[in-house]
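Note sheet for the following structure.
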Amino acid sequence: MNDILSRIASVIESRKLANGGDPQKSYVSSLFAKGDDAIMKKVGEEATETVMAAKDIRNNMPAGKLVYECADLWFHTMILLAQFDLTPDDVLKELARREGISGIEEKASRKKVS
Ligand SMILES: N=c1c2ncn([C@@H]3O[C@H](COP(=O)(O)OP(=O)(O)OP(=O)(O)O)[C@@H](O)[C@H]3O)c2ncn1[C@@H]1O[C@H](COP(=O)(O)O)[C@@H](O)[C@H]1O
């Protein structure tokens with residue numbers, strides 16, 4: 001796994017309340033303390049902010065805002081994965097599995113099955 005993703009995933013895991021995370025001292029622990037719905041809501045918000053940042057580029061706003069919002073989105077999806085005992089590695093493995101499979105062909109093969 002990419003080094004920075006791996007390190008952040010480890011920190012997120014250590015922030016779980018069962019691993020001694022303290023919601024008073026850690027943002028990640030405070031989200032774990034709020035539970036599933038709060039984490040899902042946060043991912044939804046960050047996804048919306050990412051789309052808004054992309055739209056802003058069309059209005060001559062700096063592209064750096066999109067990078068900033070994508071970082072927020074990736075980070076919060078990592079917390080969502082951890083909440084369900086999954087890791088970025090699981091996602092990277094899925095991307096690797098798909099590598100070289102044309103999206104158009106994959107969709108067409110899906111339609112044949114249904
Ligand atoms: N990468 C991040 C990271 N990215 C964003 N955030 C926080 O995510 C929060 C939500 O961002 P928003 O822009 O939506 O801010 P907001 O509207 O004030 O948030 P809400 O009040 O709505 O929750 C902010 O408090 C950001 O600081 C992060 N907080 C932590 N990390 C990493 O996680 C590690 C552990 O953090 P703690 O658990 O807080 O120690 C850190 O060392 C960092 O490596």
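The values are calculated or read from the model by the stated rules, or taken from the named source; none is laboratory data. For clarity, every value in this text was computed on a predicted model and none was experimentally measured. Cβ coordinates were reconstructed from backbone atoms using ideal geometry, including for glycine residues, and neighbour counts include every protein chain displayed. Note: accessible area is taken over every heavy atom of the protein model, side chains too, but ligands, DNA and RNA are not part of it. Shrake-Rupley method; radii C 1.70, N 1.55, O 1.52, S 1.80 Å.
Before moving on, here are some points about what is shown:
- Pairwise Lys count, the stretch 1-83 - Cα closer than 14 Å, eight or more residues apart or different chains: 4
- J(HN,Hα) series, the stretch 66-71, from Karplus relation 6.51 cos²θ - 1.76 cosθ + 1.60, nearest Hz, glycine and proline x: 5, 5, 4, 5, 5, 4
- Calculated P(r) tail over 19 Å for the chain, as whole % of Cα pairs: 59
- Exposure of MET61 as accessible area (Å², to 10), given a probe of 1.4 Å and all protein chains: 100
- Taking label points 7 Å from Cα along the Cα-to-Cβ direction, LYS111 and ASP85 give a separation of 3.9 nm.
- The chain, helix-only ellipticity at 222 nm - DSSP H runs n ≥ 4, -39,500 (n - 2.57), divided by all residues, nearest 500: -24000 deg cm²/dmol
- Inter-probe distance in nm under a simple model that places probes 7 Å from Cα toward Cβ, at ASN2 and TYR27: 1.8
- Annotation note: chymotrypsin sites (Phe, Trp or Tyr not before Pro) in the stretch 35-114 located in DSSP loop regions with a Cβ neighbour count of at most 12 within 10 Å are PHE84.
- A DSSP coil position with no more than 12 other Cβ atoms inside 10 Å describes the following GluC sites (Glu not before Pro) in the stretch 22-114: GLU99.
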